[in-house]
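One structure is given below, encoded as structure tokens.
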Amino acid sequence: MDQALFERFIVEAVQDLPADFRDKLDNIEITVENWPDVSARRATGIEDPRELLGYYRGIPRSRRTHRYGLVLPDRIILYRYPIELHCHTPDDLRNTINHVLYHEIAHHFGIDDDRLREIGAY
């Protein structure tokens with residue numbers, strides 16, 4: 001699929017967030033990489049690079065203290081090729097990007113995978 005379409009779907013997903021959430025995406029950048037690197041796979045315990053669709057690197061808002069400052073931005077990384085492998089249509093791509101991005105944004109707010117499973121977000 002086209003990289004421009006992929007990136008447009010990311011922009012739309014961020015724009016579709018409620019303003020309260022969008023306004024709290026503080027010191028964070030969203031990037032696209034073709035494949036997950038070894039460190040992301042190790043950190044998540046996912047060996048098969050086709051299975052890791054996104055990754056959050058940073059300090060969740062729930063763990064930031066008054067000393068938080070002068071730090072590099074947190075990153076949400078979406079992995080283009082693994083996501084595309086799971087999709088067959090542009091609608092699949094849009095929905096998967098939304099799901100992965102919102103999942104990683106949840107990590108930015110301090111929600112871990114166990115809690116996401118509890119609330120049915122997986």
Identify the GluC sites (Glu not before Pro) of the stretch 1-101 meeting these criteria: DSSP loop state and at most 11 other C-beta atoms within 10 Å of the C-beta. E47
For a quick check, take a GNM of the chain with Cα springs below 10 Å and name the residue from L52, L25, L72 with the largest mean-square fluctuation. L72
Environment charge at Y68 (Cβ cut-off 13 Å; Lys +1, Arg +1, Asp -1, Glu -1): +2
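Please give me the summed charge of the neighbours of I28: other residues whose Cβ is under 15 Å from its Cβ, Lys and Arg +1, Asp and Glu -1.
Values: positive: R22, K24, R57, R61, R63, R64, R75; negative: D23, D26, E29, D74, E104.
Its environment carries a net charge of +2.
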Mind running the shape call on the stretch 1-54? Use the C-alpha gyration tensor, a ≥ b ≥ c as the square roots of the eigenvalues: rounded below 1.5 for a/c, prolate if a/b tops b/c, oblate otherwise. oblate
Pop out the Kirkwood hydrodynamic radius of the chain from its pairwise C-alpha distances, inverse of mean 1/r, in Å to one decimal. 15.0 Å
State to the nearest 20 debye the size of the charge dipole of the chain about its Cα centre, where the only charges are +1 on K and R beta carbons and -1 on D and E beta carbons. 520 debye
How much net charge surrounds D16 when only other residues with a Cβ under 12 Å from its Cβ are counted (Lys, Arg +1; Asp, Glu -1)? +1
Between helix 90-108 and the chain, what is the angle of the helix's C-alpha long axis to the longest principal axis, kept within 0 to 90° and rounded to the nearest 10? 20 degrees
Which listed residue (F109, Y68, P90) has the Cα farthest towards the positive end of the charge dipole for the stretch 48-122, taking +1 on Lys and Arg C-beta and -1 on Asp and Glu C-beta about the Cα centre? Y68
Report ³J(HN,Hα) in whole Hz for each residue of the stretch 16-21, in order, from the Karplus equation J = 6.51 cos²θ - 1.76 cosθ + 1.60 where θ = phi - 60°; Gly and Pro get x. 7, 5, x, 3, 4, 6
Expressed as a whole number of Å, what is the distance separating the alpha-carbon centroids of the stretch 54-79 and the stretch 1-40? 14 Å
Which of P18, P49, P90 fluctuates most in a GNM of the chain (C-alpha springs under 10 Å)? That residue is P18
Using the beta-carbon distance between A19 and R63 and R0 = 22 Å, what value does 1/(1 + (r/R0)^6) give for FRET efficiency, to the nearest 0.05? 0.40
Remind me, relative contact order of the chain in percent, using alpha carbon pairs under 8 angstrom and six or more residues apart? 31 percent
Just to be sure I understand: of the beta bridges DSSP finds with both ends in the stretch 3-118, what percent are antiparallel, rounded to 5? 40 percent
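Every number in this text was worked out from the coordinates using simple rules, so none of it is lab data. Computed from a prediction, not measured in an experiment: that's the story for all the values here. FYI the Cβ positions are ideal-geometry reconstructions off the backbone, even for glycines, and counts take in every protein chain you see.
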